[in-house]
1. With +1 on the Cβ of every Lys and Arg and -1 on the Cβ of every Asp and Glu, and nothing else charged, how large is the dipole of the chain about its Cα centre, in debye rounded to the nearest 20?
2. Which far-off residues, 5 or more places away or on another chain, put their amide H under 5 Å from the one on Gly269, with H placed in the peptide plane?
3. Rank Leu319, Leu352, Leu79 by mean-square fluctuation in a GNM of the chain with C-alpha springs under 10 angstrom and give only the top-ranked residue.
4. Which one of Leu330, Leu86, Leu301 has the biggest mean-square fluctuation once the chain is modelled by GNM with Cα springs under 10 Å?
5. Full-extension gain between Gln141 and Asp349, please, as 0.36 nm times their residue separation minus the C-alpha to C-alpha distance.
6. Using the Cα centre of the range 187-366 as the reference point, and only Cβ charges (+1 on K/R, -1 on D/E), how large is the resulting charge dipole? Debye, rounded to the nearest 20.
7. Per residue of the range 323-333, what does 6.51 cos²θ - 1.76 cosθ + 1.60 with θ = phi - 60° give for ³J(HN,Hα)? Whole Hz please, x for Gly and Pro, Karplus curve as stated.
8. Just Asp349, Asp186, Asp136 to compare: in a GNM of the chain, with alpha carbon springs under 10 Å, which one fluctuates most?
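Here, each number is a calculation from the coordinates, and none is a lab measurement. Computed from a predicted structure; not experimentally measured. Methodologically, a virtual Cβ is constructed for each residue, glycine included, from the backbone with ideal geometry; neighbour enumeration extends over all protein chains shown.
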Amino acid sequence: MKILYHHRTRATDAQRIHILEMVRAFRKLGHQVTIVSLVDTERPQGVAEVAKDAAEASWKRILRRLPFLAEAVQIGYNLVGIPLLLWKVLTVRPDFIYERHSLFNFTGVVVARLTNRPLILEVNSPFSLEEKLHNDIQAVQLAEWAERVVCRAASRVIVVTGALRRILIGMGVHPDHLIVMPNGIDPEHMRGGDSSALRSELGLSGKVVIGFIGWFRKWHGLEWLLRAFHRSGLSAQASLLLVGDGPAMPELRQYVAENSLERSVVFTGALPHDAVPPYIALIDIAVQPAANEYCCPMKILEYMGLAKPVVAPRQENILELVREGVEAELFSPRDETELAQALARIVADPELRRTLGENALRAIYERGFLWTSNAGRVVEIVGQIQARHNRS
């Protein structure tokens with residue numbers, strides 16, 4: 001099939017990974033994919049660009065200060081996006097449009113309707129709710145209306161968790177329109193690296209390494225992880241490796257300094273994606289300190305694909321990926337005491353770490369947490385839509 005993948009993002013952090021992995025998965029299955037966006041999504045990123053992406057964009061801070069400017073900018077994209085996507089449809093003549101959902105983005109549904117093409121809409125967050133909670137928008141009712149209209153108008157809506165499905169149903173999207181499809185991994189990208197020299201360089205020799213890889217933002221709960229690690233008293237036998245950067249970094253460094261944890265907590269700073277594997281190889285225990293209730297954390301799946309034992313919050317969307325005591329050790333969300341106990345338990349038991357890791361890797365394949373599985377399922381859904389259209 002010919003596929004147009006449309007998105008209105010800066011293609012940074014997890015968004016970039018998700019977009020590129022789905023594109024690669026479609027291509028691996030033999031389909032032709034053209035990306036339609038205002039940025040060069042497939043251009044490799046250097047360290048400076050990764051560090052810049054980790055910080056909050058200055059233009060976002062400006063938008064928050066001026067009433068309704070954020071909404072106006074997002075709505076204004078349609079004036080560029082609709083003709084851009086329409087031109088691509090007319091020249092490429094795709095079998096369907098695959099779009100990553102953004103708030104106030106009507107581009108996909110308008111062009112799909114004009115050209116009689118199926119539109120598969122991928123929704124990773126309920127943006128009207130999310131931006132309301134973060135005070136990023138003022139026109140909340142308009143945002144909710146726009147999100148409802150777009151989701152209803154798409155041929156099918158892919159959601160990453162059952163909780164997100166319920167949220168969209170509550171907005172008025174028909175249940176039969178929604179398909180739950182968790183994120184995945186590409187086994188070819190799941191590799192470690194030679195980390196022997198790196199272990200010594202970072203002062204991790206002889207230590208059990210507890211690790212987190214990602215963007216340091218407030219909602220990732222890294223402050224809880226630091227406090228739980230400090231409370232656990234594990235610094236003599238374990239080290240905490242924090243790979244990444246972001247707005248939460250200053251407060252994290254301050255906590256480490258105030259509690260004399262410099263010898264037990266290692267910050268790597270921002271790293272390009274290709275430089276991360278040796279650091280992943282160092283990790284003995286992978287931690288997801290926090291997650292909102294509707295996301296599907298890609299990092300958990302990546303840890304599982306590398307046979308890493310996982311420690312994560314005990315909540316519905318996490319339990320859609322792992323089973324407690326089988327693939328992961330879980331703790332009550334926001335409970336630093338339980339997190340500290342889980343860390344202590346798994347640090348003290350090498351056999352438990354090995355078993356959880358092996359089970360996690362097995363679950364990836366048994367439960368189909370693969371990008372190619374997702375891409376194949378999307379193509380199958382489009383085939384069903386086209387067959388019904390042909391019969392009518």
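1. For the chain, the charge dipole is close to 1120 debye.
2. Residues meeting the amide H criterion: Gly244.
3. With Cα springs under 10 Å in the chain, the top fluctuation among Leu319, Leu352, Leu79 is at Leu79.
4. Looking only at Leu330, Leu86, Leu301, the largest GNM fluctuation is found for Leu86.
5. Separation in residues times 0.36 nm, less the Cα-Cα distance, equals 69.7 nm.
6. Using Cβ point charges on Lys, Arg, Asp and Glu, the range 187-366 gives about 300 debye.
7. Each residue of the range 323-333 in turn: 10, 5, x, 10, 10, 7, 9, 10, 9, 5, x Hz.
8. Highest fluctuation among the options: Asp349.
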